[in-house]
1. If you put +1 on each Lys and Arg Cβ and -1 on each Asp and Glu Cβ, how big is the dipole of segment 61-127 around its Cα centre, in Debye rounded to 20?
2. Counting pairs of alpha carbon atoms under 8 Å apart in space and at least six apart in sequence, what relative contact order in percent does segment 274-321 give?
3. Could you work out how much longer the chain between residue 268 and residue 237 gets when fully extended? Use 0.36 nm per residue separation minus the Cα distance between them, nm to one decimal.
4. Using a simple spin-label model with points 7 Å from Cα along the Cα→Cβ vector, what separation in nm is obtained for residue 304 and residue 247?
5. May I ask you to evaluate 6.51 cos²θ - 1.76 cosθ + 1.60, the Karplus curve with θ = phi - 60°, for each residue of segment 289-304 and list the ³J(HN,Hα) values in order in whole Hz, giving x for glycine and proline?
6. Which of the peptides 122-130, 167-175 is most tightly packed, and how do the rest follow, going by the mean number of other Cβ atoms within 10 Å of each residue?
7. What FRET efficiency would be calculated for the residue pair residue 201, residue 285, taking the C-beta separation as r and a Förster radius of 41 Å, to the nearest 0.05?
8. Could you give the length gained on full extension between residue 80 and residue 321, defined as 0.36 nm per residue of separation minus the Cα-Cα distance, in nm?
Amino acid sequence: MPHFEQKFISYSRLSQSLLLGTALCFPLNLLGAEQTTQPVQSTQPDQPSDLFSSIDAPRDYLSEKLVSFASNIDRFFGDDRHYQESNKSVFQLDLAKVAGYGGDRRFSLSGKANLNLPATEGRLHLLLETDPEQNVTTESTPGQTVLSNQVTTPGNYSLAARYVKELEDTWHFSTDAGLKFPIPIHPFVRSRGSYSVPLSDDWRLKAAQSVYWFNNIGVGETTQLDLEHFLSKPLLFRATSTATWLNNKQNFDLRQDLSIYHTLNERTALLYQASAIGVSNPQYEVTEYVASTLYRYRMHKDWMFLELSPQLHFPKINNFHPSPAFGMRLEMLPDQSR
């Protein structure tokens, strides 16, 4: 097995352990901090209690600058991180098409809305989504076939209620209970938790885990680790490790993304990304490499965007020979936070 595949597989196996370690260690640290006795006040007035206290303010400023910049990037790109954790109402409608490898001659239509209910202090939300299982597994709906150059409507729709709980701007929890339409109506449940912590002035670690049940895919779980680095004001580096497990498949779908977000101006941004995709069953292996660039342009006011994405795929099924593709998307993203 090539050395790069061995490193990718080993890194993917660690994603679950890293998230568990993050969840266990930090609460204990916080608990320990609460139980620490108060230090004895110094008898010498105006003497600093910590020689390094003078650098706390600059560090906090830089850490907040990183978090704010990453949040603005996710909001501009309509990223699922913003949809899942925004306390404002978010509505997203996409019309997309991919030509070339893995493409479809039809345009696909999808949408979702996260509506913050008034008078609930941001704790209760109403969710409207198309194909909700795709929002947690990123898999296509089984049984779809290519027919003609037309718009593909979603296979199903859902209505759900969400309860949100945030702790100290670092922990974010949400639980969804909903129904899928059309008839026969099927219930589904989802629960998600995330934790973010600054590692230094310009590094941040964010871990998220989702557990869910849908009638067509069964019980599943997705773990995601983001390591972010603030390169400069227009540049953000993000390494994302994702592992998705589905009980019906008895398999981990693994993905590693290395991304650079480049903000050109208030209307235009670029995304450069290299990805490795793999599975755990029947054995751990890389099934595809992808190199892509995404151009995103704000066409109208703060809510209409155009995306163009040239891609180069290297699938194992084609002996890792290059297979080009090109993606297009028109997105409407009204958002109260804009």
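1. On the way: 9 positive and 8 negative charges, 46 e Å.
For segment 61-127, the charge dipole is close to 220 debye.
2. Details: 73 pairs, mean separation 15.5, N = 48.
RCO, segment 274-321: 32 percent.
3. On the way: separation 31, 0.36 × 31 = 11.16 nm, distance 1.73 nm.
Stretched out fully, the residue 268 to residue 237 stretch lengthens by 9.4 nm.
4. 4.6 nm
5. The phi angles translate into 10, 9, 10, 8, 10, 10, 9, 10, 10, 7, 7, 9, 6, 10, 9, 10 Hz.
6. Details: 122-130: 17.8, 167-175: 13.9.
Result, highest mean first: 122-130, 167-175.
7. Values: r = 38 Å, r/R0 = 0.93.
The value I calculate is 0.60.
8. Numbers: separation 241, 0.36 × 241 = 86.76 nm, distance 3.08 nm.
Full-extension gain reported as 83.7 nm.
Read-outs: derived from the displayed coordinates by stated rules, not from any lab. Source: prediction; values computed, not measured. Please note: Cβ atoms are built from the backbone with ideal geometry, for glycine as well, and neighbour counts cover all protein chains shown.
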